[in-house]
Amino acid sequence: MRRREFVAWIGGGVVAWPSALRAQNSAVRTIGYLSSKDEASEANITAGIRKGLAERGLIEGQSVSITYRWSAGDYRRLPELAADLVTRNVDVIAASGLPAALAAKAASSTVPIVFRLAIDPVAFGLAQSFDRPGGNLTGVTMLFDPLTPKKLQILHELVPDLSIGLLVNPSNPNAISHKEHAEAAAQALNLQLTVLTAKNPDEVESAFAMGRQKEIGALLVGDDPMFDVENHRLVAAASRVGIPTMYYVRDFVVSGGLLSYGPSFDEMAKQVGIYLGRILQGAKPADLPIQQPTNFELVINVKTAKALGLTVPAALLARADQVIE
């Protein structure tokens, strides 16, 4: 070791690290990860983000560190968690879910934020436009509401009943938009729509029981981070009351749910990782267009259909991207 790279003990004190090691440590950037969900329900998402980071040459634990903050579906905790990340001077924040994105935006107007949403970010004041977001936010979003007519069509094809339910979380700002789009789609299909609500895990069971009491023939679940966290609870409740239920992502169907139609959240997460990497390497959020998925998958669980006494039409099976036997 050359003399200039080493400083001996001074006044009973400190050893200074070699300049090369100091440079290596200073090169490690920090991402704050703010989630509306919990760690278990986001395992595939965080794995996808790491893949995206790796495409930009950034590896967690080497060139980048990630500080995780989970609200576990309790949105009241998000403002405090977001403020904590800002206080820690993270270089960029990844916000998973609309409640997390809104909390991150309220916490800082300067820290870059990359969101992963399922709603129109412009409508909620998170961006000026899709092409030129402006400000300190950009990301990836899936506009679920425009898919509602097709979802109801698929559900009605499987369950030819005139009474359909919609389950939303009234604590999520997206609930109003989901309700409005579902009402319009139901009216176009001459279906009667009943809106059910669950704002916390304890209300999930009662929401399904209310659906059975109102004699709905099938149920459409609106996307919500709390529902993702309570994936198994929703699937179990649907099974207990015997209501054919359609979800917004395949994870529910893998867990025993009947069917889903929506994007691959894993691919969306990978794009978040790519954007995080680009920002850490000098890009500005305002210059990165908001991305949207273009591929959607229909997943059907035939075993669950049989348990509900349903026969899945051959035409619907032929259109499915995945059939779980």
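The values are calculated or read from the model by the stated rules, or taken from the named source; none is laboratory data. The structure presented is a predicted model; accordingly, all values stated were derived computationally and were not measured. Here the Cβ is made from the backbone with ideal geometry for all residues, glycine too, and neighbour counts use every protein chain on show. Heavy atoms of the whole protein, side chains included, go into the accessibility calculation; ligands, DNA and RNA do not. Shrake-Rupley method; radii C 1.70, N 1.55, O 1.52, S 1.80 Å.
Across the protein chains, with a 1.4 Å probe defining accessible surface, the residues Leu143, Leu85 rank Leu143, Leu85 from largest area downward. Say we join alpha carbon atoms closer than 10 Å with springs in a Gaussian network model of the chain; which of Ser71, Ser63, Ser239 then has the biggest fluctuation? Comparing Ser71, Ser63, Ser239 in a Gaussian network model of the chain, the most mobile one is Ser63.
Rolling a 1.4 Å probe over the protein heavy atoms of the chain, with every protein chain left in place, gives an accessible area that is 51 percent carbon and sulfur.
Scaled against the 2.2 N^0.38 Å expected of a compact globular protein of N residues, the Cα radius of gyration of the chain reads 1.15. In this label model, Leu310 and Ala40 are separated by 2.6 nm, measuring between points 7 Å along each Cα→Cβ vector.
Residues whose amide H comes within less than 5 Å of that of Leu196, counting only those at least five positions distant or on another chain, are Leu166, Leu167, Val168 (H built at 1.01 Å from N in the peptide plane). The count of lysine pairs in the chain that are at least 8 places apart or cross chains, and whose C-alpha atoms lie under 22 Å apart, stands at 17. A straight chain from Tyr68 to Ala83 at 0.36 nm per residue would run longer than the Cα-Cα distance by 4.1 nm. For Gln192, the shell of other residues with beta-carbons less than 11 Å away shows a net charge of -2, using +1 for Lys and Arg and -1 for Asp and Glu. The residues of the stretch 98-152 expose, per residue, 34 Å² of accessible area to a 1.4 Å probe.
For the pair the stretch 59-109 / the stretch 111-137, the C-alpha centres are spaced 15 Å from each other. Summing Cβ point charges (Lys, Arg +1; Asp, Glu -1) relative to the Cα centre of the chain gives a dipole of roughly 1100 debye. In this structure, Asp321 and Gln153 have a Cβ-Cβ separation that, at R0 = 22 Å, corresponds to a calculated FRET efficiency of about 0.85. In this calculation the C-beta distance from Lys51 to Ala188 is compared with R0 = 45 Å, giving a FRET efficiency of 0.70. Computed with a 1.4 Å probe on the full set of protein chains, the accessible area for Leu196 sits at about 10 Å².
Projected onto planes of every orientation and averaged, the convex hull of the alpha-carbon atoms in the stretch 74-167 covers 7.5 nm².
Taking amide H as placed 1.01 Å from N in the peptide plane, the amide H of Met246 sits under 5 Å from that of Leu219, Leu220, Val221, each at least 5 places away or on another chain.
Over the chain, DSSP H runs of length four or greater, each weighted -39,500 (n - 2.57), average out per residue to a 222 nm ellipticity of -11000 deg cm²/dmol. When the chain is described by a simple charge dipole with +1 on each Lys and Arg Cβ and -1 on each Asp and Glu Cβ, the residue from Gly125, Thr67, Ile154 located farthest towards its positive end is Thr67. In the chain, the sites counted are trypsin sites (Lys or Arg not before Pro) in DSSP loop states with at most 13 other Cβ atoms within 10 Å, and the longest stretch holding none of them, exclusive of the sites, is 89-213. Hey, what's the Kirkwood Rh for the stretch 136-203 if you take every pair of different alpha carbons, in angstrom? Its Kirkwood hydrodynamic radius stands at 13.1 Å.
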